[in-house]
Amino acid sequence: MTAQTDTQGSVTTVYKVSGMSCGHCEGSVSGEISGLPDVSSVKAVASTGEVTVVSAAPLDDEAVRAAVDEAGFELVGQA
């Protein structure tokens, strides 16, 4: 269930988030996850429900879940 890849000192993880339906949703989720330590980029795609996160180290799933909850959506798991 993990979709993590390590690339030159960074980790890319793809999460599945339910409830996103528009660009505003994408921005809310991206903004909350961007605030987590070690996150260097976030790309949310409402049409697929996927959120791609690049970070310096693997992220704590509960921290990601809390950030997604704060944005008003539900973390389903990793893609």
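For beta carbons closer than 7 Å, sequence separation of 6+ or different chains, a first residue in region 39-52 that is in a loop (DSSP other than H, G, I, E, B) and a second that is polar (S, T, N, Q) and modelled with pLDDT of 95 or more, the qualifying pairs are 46/21; 49/18. For region 62-75: of the residues being out of contact with any Gly (no Cβ under 8 Å at 6 or more places or on another chain) and open to solvent by less than 20 Å² (accessible area, probe 1.4 Å), which is farthest from residue 32 (Cα to Cα)? Among those that are out of contact with any Gly (no Cβ under 8 Å at 6 or more places or on another chain) and open to solvent by less than 20 Å² (accessible area, probe 1.4 Å), it is 75. Of all residues in region 22-38, those being farther than 15 Å from residue 63 by Cβ and not in a helix (DSSP H, G or I) number 1.
Selection within region 14-61: residues that are among the charged types (D, E, K, R) and open to solvent by 60 Å² or more (accessible area, probe 1.4 Å). The member of this set that is nearest to residue 72 (Cα to Cα) is 32. For region 54-79, a tally of residues being free of Cβ contacts under 8 Å to residues at least 60 places away in the same chain and either among the charged types (D, E, K, R) or part of a loop (DSSP other than H, G, I, E, B) (or both) returns 14.
The values are calculated or read from the model by the stated rules, or taken from the named source; none is laboratory data. Note that this is a predicted model, so its numbers are computed, not measured. When we count neighbours, we look across all protein chains shown, and the Cβ atoms used for this are built from the backbone with ideal geometry, even at glycine. Accessible surface areas use protein heavy atoms only, side chains included; no ligands, DNA or RNA. Shrake-Rupley method; radii C 1.70, N 1.55, O 1.52, S 1.80 Å.
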